[in-house]
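Asker: Quick one: structure below, then a few questions.
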Amino acid sequence: MAGILLDIEGTTTPISFVYDVLFPFARKQLADYLPRTDLSDLQLEHQAETQNAPEWSSPPILYVEWLMDQDRKSTALKRIQGEIWLAGYQNGELHSEVFPDVPIALERWRSEDIDVRIFSSGSVLAQRLLFSHTKAGDLTRFLSGYYDTTTGAKSDPRSYDAIANGFGIAPSDIVFISDVTRELDAARTAGMKTLLCIRPGNHPQPPHDHETIPSFDRL
């Protein structure tokens, strides 16, 4: 095993932290934040909408809230959320959570010269913020790469091809760990090994043949 690719939500971090802390924090700040940022990328996404999205307004709070309610993996939305969370981390309102086994495993993998990277629908900024503000300290020193929706969808095998190129190793030398089987299916199609992470509060998954783990303790 030369490389490990980690999902965040439900894998390194409780789903409850994302949905009960991060998302409400971002929603609360929209009215103040949106008039102060460039929304050209968001407007382009709105123009391309094929679903029944709210009309564009200034600021487009209803549209952004609609994207959040739909749990859309919008690159523009993820940028907005990441920038709002940046302010929250900087002023001390936010402190991120990871499962207790995560810092221990990251340190162990580093000692074993394993290349560990992150692939999340959250922006690279949001990923860096989360791992640099944990109660266990700054964990970014154990991570050598971050990938978000600018790389591609997590359910698209081509995303994992691109990530393997970023690692600079064969896909078969990378293990992808996630709590979502459709993501694992895509990674396996690209040639990666896969593990389904079963954490408290994770959503049930359809029938599958991926090996499961409850923590990183024995990896």
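The values are calculated or read from the model by the stated rules, or taken from the named source; none is laboratory data. Everything numeric here is computed off the predicted structure, so don't read it as measured data. Counting neighbours? That spans all protein chains shown, and the Cβs are built from the backbone with ideal geometry, glycine included.
Asker: Give the residues of segment 1-43 that are in a loop (DSSP other than H, G, I, E, B) and more than 24 Å from Lys193 (Cβ to Cβ), sorted by residue number.
Answerer: Answer for segment 1-43, where residues must be in a loop (DSSP other than H, G, I, E, B) and more than 24 Å from Lys193 (Cβ to Cβ): Pro14, Thr37, Asp38, Leu39.
Asker: Evaluate the following for Tyr146: is it more than 16 Å from Leu106 (Cβ to Cβ), aromatic (Phe, Trp, Tyr) and modelled with pLDDT of 95 or more?
Answerer: In short, no.
Asker: Shifting gears a bit: Restricting to segment 149-181, what's the tally of residues that are outside any helix (DSSP H, G or I), surrounded by 15 or more Cβ atoms within 10 Å (Cβ to Cβ) and not small (Gly, Ala, Ser)?
Answerer: The total comes to 10.
Asker: When both residues are 6+ apart or on different chains and their Cβ atoms are under 8 Å apart, which pairs have a first residue that lies in segment 91-117 and is of a type in the set (Phe, Trp, Tyr), and a second that is surrounded by 16 or more Cβ atoms within 10 Å (Cβ to Cβ) and not in a loop (DSSP other than H, G, I, E, B)?
Answerer: Phe99/Thr13; Trp109/Ile4; Trp109/Val116; Trp109/Phe142
Asker: So, one more: Restricting to segment 188-219, give me the number of residues that are more than 20 Å from Val102 (Cα to Cα), over 20 Å from the mean Cα position of the chain (by Cα) and part of a loop (DSSP other than H, G, I, E, B).
Answerer: 6
Asker: Then there is this: Just a yes or no: is a residue in segment 32-44 farther than 15 Å from Ala76 by Cα and either hydrophobic (A, V, I, L, M, F, W, C) or surrounded by 12 or more Cβ atoms within 10 Å (Cβ to Cβ) (or both)?
Answerer: no
Asker: Across segment 179-219, what is the number of residues that are closer than 24 Å to Asp113 by Cα and touching a Gly at 6+ places or on another chain (Cβ under 8 Å)?
Answerer: 1
Asker: If you don't mind, another one. Against the definition (at pLDDT 95 or above, more than 16 Å from Glu9 (Cα to Cα) and out of contact with any strand residue (DSSP E or B) (no Cβ under 8 Å at 6 or more places or on another chain)), how does Arg141 come out, yes or no?
Answerer: yes
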